[in-house]
Amino acid sequence: MPYLKTKDGTSLSYTCWGAGKTLLLIHGWAMGSDMWEYQIPHLTAKGLRCITYDQRGCGRSDQPGHGYDFDTLADDLATVIEQLDLRDATLAGFSLGGAVVARYLARHGADRVARTVLVGSNTPFLLKGDDNPEGMDRSLVYDPFRAGIIADRPQYLKAVAGPFFGDHVGVKVSEGIQDWAVGLCLQSSATGMLELYRAVNETDFRPDMAAFTVPTLIIHGDSDPFQPLEITAKRSAAAIKNSRLEVYQKASHGLFYTHRDRLNQDLLTFTP
């Protein structure tokens, strides 16, 4: 497994599959790059070059005790793009990965980027506050989730796997798929997982929305309880010029599996 070294010495595991137009896939909170298992074989067979990497604290990358803020995560993405000398790439970020894309554009610009895709992204700002009344209440969402992870991480992740994939709207997946998703998360550092969760909830990306200067596709489920459509994708679409919002019906957060055929086709069609 090849690795890239960041400026602070953190080793990031990456993969490169196929040949053709470049699609860089950035995974979500704690899941690692293996979450793209149901995208890469299809997309590479259709002529795309798919690159993934494990963010710090996740998957096969190092688990340092620092750097779980979005400036650092964006700089890690810059390391991948620059060291692999990617140009005219399409960046597709899922959940937290979408926020990494936003902060990357704000810090590094879009010179090497052709297009961007936000899939189930948490942008522009999740938590409710005086200047963000549309957000989610910390005591109802953030605090219970954090407490569950601290108390019994494996069991809590197993408990939320059902709604993650959409059982609350009648979308059923196998027990094996739920176990697979939980297993991906358990490869991550527990401390890193908590720090990433704090950052994804508390970071305000509203100023970063102006940095999206390339065509942007926003994909979101209409039944996502983790990143509700009204406070994330719809607000991101309104803030990003030259963006297009695609809402998947009966889709929760785990649409990369439950709606994989449509997602794969959208990624394939959108990558220039």
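Placing one equal scatterer on every Cα of region 189-272 and applying the Debye formula, the log10 ratio I(q)/I(0) at q = 0.14, 0.15, 0.22, 0.23 Å⁻¹ is -0.58, -0.67, -1.17, -1.20.
Adding -39500 (n - 2.57) for every DSSP H run of four residues or longer, then dividing by how many residues the chain holds, sets the calculated 222 nm ellipticity at -11500 deg cm²/dmol.
In plain terms, the bigger the Kirkwood radius, the slower the diffusion; for region 101-260, with that radius from Cα pairs, at 10 °C and 1.306 mPa s, Stokes-Einstein puts D at 95 µm²/s.
Evaluated at q = 0.07, 0.17 Å⁻¹, a Debye calculation over the C-alpha positions of the chain (equal weights, vacuum) places log10 I(q)/I(0) at -0.21, -1.52. The lysine pair tally for the chain, using Cα distances under 22 Å and a gap of 8 or more places or different chains, is 6.
Quick one: check the C-alpha center-to-center distance for region 22-41 versus region 64-142, whole angstrom. Using only Cα atoms to place each centre, the spacing works out to 15 Å.
Each Lys and Arg contributes +1 and each Asp and Glu -1, all at the Cβ; summed about the Cα centre of the chain, the dipole is approximately 600 debye.
Quick one: Kirkwood hydrodynamic radius for region 69-183, alpha-carbon pairs, angstrom, one decimal? After inverting the pairwise mean of 1/r, the radius is 16.6 Å.
Quick note: the coordinates plus some simple rules give every number you see, no bench work behind them. Since the model is a prediction, treat every value here as computed from it, not as a measurement. Glycine also receives a Cβ, built like all others from the backbone with ideal geometry; neighbour counts cover every protein chain displayed.
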